[in-house]
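Worksheet: the structure to be examined is printed underneath.
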Amino acid sequence: MKREVTVYSKDDCVQCDRTKAWLNKNGVPFDEVDLIANPMTLEAFKDEGFSSAPIVTVKTSDPDVEFIWAGFIPDNLKKHTLTKEAA
């Protein structure tokens, strides 16, 4: 199943850096969006209850399946970016 990973991050964010390093180390392609440079995106995430960065989204080829979480969570990264099937 195809995965599209996006990391919404900000400068001087240790968890953001760790998330991006994990993805790079594991050969997972991802897009990065700077939350500070995109205040509307930041506000939208705040409205959804997110209060820390990074926010990671993983879209799959199934439009009804998307994973989203905040923070550096290696278990989520492994489960949702390295496996063939969405879990």
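Per residue, the chain reaches -9500 deg cm²/dmol at 222 nm when only DSSP H runs of four or more residues are counted, each adding -39500 (n - 2.57). Can you give the Rg to Rh ratio for the chain, taking only C-alpha atoms and Rh from Kirkwood? Here the Rg-to-Rh quotient is 0.95.
What is the local net charge at Cys16, summed over the other residues whose Cβ is closer than 12 Å to its Cβ (Lys, Arg +1; Asp, Glu -1)?
-2
When DSSP beta bridges are restricted to pairs lying wholly in the range 3-81, around 70% turn out antiparallel.
Values quoted throughout were computed directly from the atomic coordinates according to the rules given, and no laboratory measurement underlies them. As the structure is a computational prediction, the values presented were derived from the model and not from experiment. Glycine gets a Cβ as well: all are built from the backbone with ideal geometry, and neighbour counts include every protein chain shown.
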